[in-house]
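Asker: The structure under discussion is supplied below as structure tokens; questions concerning it will follow.
The values are calculated or read from the model by the stated rules, or taken from the named source; none is laboratory data. Being a predicted model, the structure only gives us computed values, none of them experimental. Neighbour counts run over all protein chains shown; Cβ positions are idealised from the backbone, glycine included. In case anyone asks, the SASA skips ligands and DNA or RNA and just uses the protein heavy atoms, side chains included. Shrake-Rupley method; radii C 1.70, N 1.55, O 1.52, S 1.80 Å.
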Amino acid sequence: MKTLLILVIVLLINGHARTITDDYGRVVTVPEKITKIYAASPPLTMSLLAFDSTLVAGLNSPLRPDQKPYVGIAASRPVVGGYFGQGNTPNFEILASLKPDVILMWGKATGAETHLNKFSALGIPVLMVRNESINDLVGQFDLLGRLTGNTKRSTELIAYTRETLGLIKSLQSKVNARKEIRYYFAEGLDGMSSECEGSFHLEPFTYAGAKNAIDCKSSSNYGMEKIPMETILLSNPDVIIAMEKSFADSIATNPKWKSLRAIHSGKILIVPTVPFNYISRPPSFMRLMGIRWLIHVFYPDLIAPVDQEKKRFEKLFFPAYRG
């Protein structure tokens with residue numbers, strides 16, 4: 001704390017600092033010019049990648065080869081790790097060596113106060129960010145715009161976010177006239193993990209106008225609740241949305257699943273993952289494409305296939321991509 005106080009005083013005296021208010025009303029002193037930012041969880045790193053990939057000081061996890069062309073110079077940044085469940089933590093030695101101008105962390109992460117204290121001990125300003133829903137992308141992009149001064153960029157990303165989140169509302173009267181679509185979101189290699197109502201991992205489905213066929217309660221922010229086979233069979237979903245290709249490829253010939261309505265109608269879809277997952281893991285701005293993809297899956301005549309939207313999306317969110 002003493003180190004941070006000295007840093008703030010020095011910056012203020014030299015006229016190279018300013019203050020910014022984060023999502024939790026904390027007034028934080030930051031450098032006048034921001035060139036390097038570390039985000040402590042994948043969703044926030046993804047928002048940073050979309051806003052300006054050159055600002056990324058370090059990654060939470062390694063990128064796949066097919067992801068690297070989309071993120072420009074960020075692909076060469078070191079892996080620092082971060083707080084994103086399952087015991088993951090940052091490498092503080094690597095983080096300190098990178099000397100980011102500011103750290104972004106999810107304000108409601110489990111153990112947030114402890115994480116904040118550890119980051120503050122490095123003498124690096126920390127901004128706490130909301131990340132409880134897709135709509136929080138608006139606040140994240142706004143914060144990055146204020147932090148960097150690039151409000152033109154934040155305005156562009158916010159406009160697309162709001163356009164996408166308003167899609168299902170604009171189609172609601174047509175959706176209401178249809179039979180309700182009930183889906184099962186199959187996670188894990190065996191397809192027997194899923195999300196329960198209230199999980200932010202399910203938000204793209206909510207914005208796509210369909211209903212979760214599974215009635216269950218979340219036990220943690222991480223999700224991936226184990227679902228008994230009997231529960232899945234009784235739910236008898238109209239559509240199965242699978243996270244794992246191997247599961248989706250095998251389900252039609254698996255005797256445990258053969259009685260389901262979705263199997264008989266061939267309604268088994270695999271979540272797109274290039275360059276990043278459209279639905280979750282991490283739950284990022286890619287969910288904006290996920291919403292459009294799901295609406296077309298559930299109501300194919302109401303919205304164009306996403307391959308027609310993909311070029312506009314990539315041009316806006318991945319300007320470094322030249323594919």
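Asker: Taking into account only those residues within the range 94-115 that are assigned to a helix (DSSP H, G or I) and open to solvent by less than 20 Å² (accessible area, probe 1.4 Å), which is modelled with the lowest pLDDT? Outline the logic, then answer.
Answerer: So the first thing to find is which residues in the range 94-115 are assigned to a helix (DSSP H, G or I), and the list is 94-98, 112-115.
When the remaining residues are screened for being open to solvent by less than 20 Å² (accessible area, probe 1.4 Å), the result is 95, 112.
Working: Leu95: 97, Ala112: 90.
Residue satisfying both the conditions and the ranking: Ala112.
Asker: Would you pick out the residues in the range 227-247 that are outside any loop (DSSP other than H, G, I, E, B) and either buried (at least 17 other Cβ atoms within 10 Å of the Cβ) or modelled with pLDDT under 95 (or both)?
Answerer: Restricting attention to the range 227-247, the residues satisfying the condition of being outside any loop (DSSP other than H, G, I, E, B) are 229-235, 239-242, 245-247.
Scanning the range 227-247 gives Ile232, Ser235, Val239, Ile240, Ile241, Ala242, Phe247.
For (1) over 24 Å from Leu157 (Cα atoms); (2) assigned to a helix (DSSP H, G or I); (3) under 23 Å from the mean Cα position of the chain (by Cα), each residue gets a yes or a no:
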position: Asp249; (1), (2), (3): yes, yes, no
position: Lys256; (1), (2), (3): yes, no, no
position: Ala262; (1), (2), (3): yes, yes, no
position: Arg292; (1), (2), (3): no, yes, yes
position: Pro300; (1), (2), (3): yes, no, no
position: Arg312; (1), (2), (3): no, yes, yes
position: Leu316; (1), (2), (3): no, yes, yes
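Asker: Quick one: in the range 72-93, which of the residues that are open to solvent by less than 10 Å² (accessible area, probe 1.4 Å) and in contact with a helix residue (DSSP H, G or I) (Cβ under 6 Å, 6 or more places away or on another chain) is farthest from Leu316 (Cα to Cα)?
Answerer: Val80
Asker: Still on this structure, please answer the following. What are the residues in the range 264-288 that are in a loop (DSSP other than H, G, I, E, B), of a type in the set (A, V, I, L, M) and open to solvent by less than 10 Å² (accessible area, probe 1.4 Å), if any? Let's see the steps before the verdict.
Answerer: Of the residues in the range 264-288, the ones in a loop (DSSP other than H, G, I, E, B) are 265-267, 271-286.
Among the residues that remain, those that are also of a type in the set (A, V, I, L, M) are: 271, 274, 279, 286.
Passing the criteria: Val271, Ile279, Met286.
Asker: Consider only pairs whose beta carbons are under 8 Å apart and that are at least six residues apart or on different chains; among these, list those whose first residue lies in the range 154-174 and is aromatic (Phe, Trp, Tyr) and whose second residue is open to solvent by 30 Å² or more (accessible area, probe 1.4 Å).
Answerer: Tyr160/Leu316
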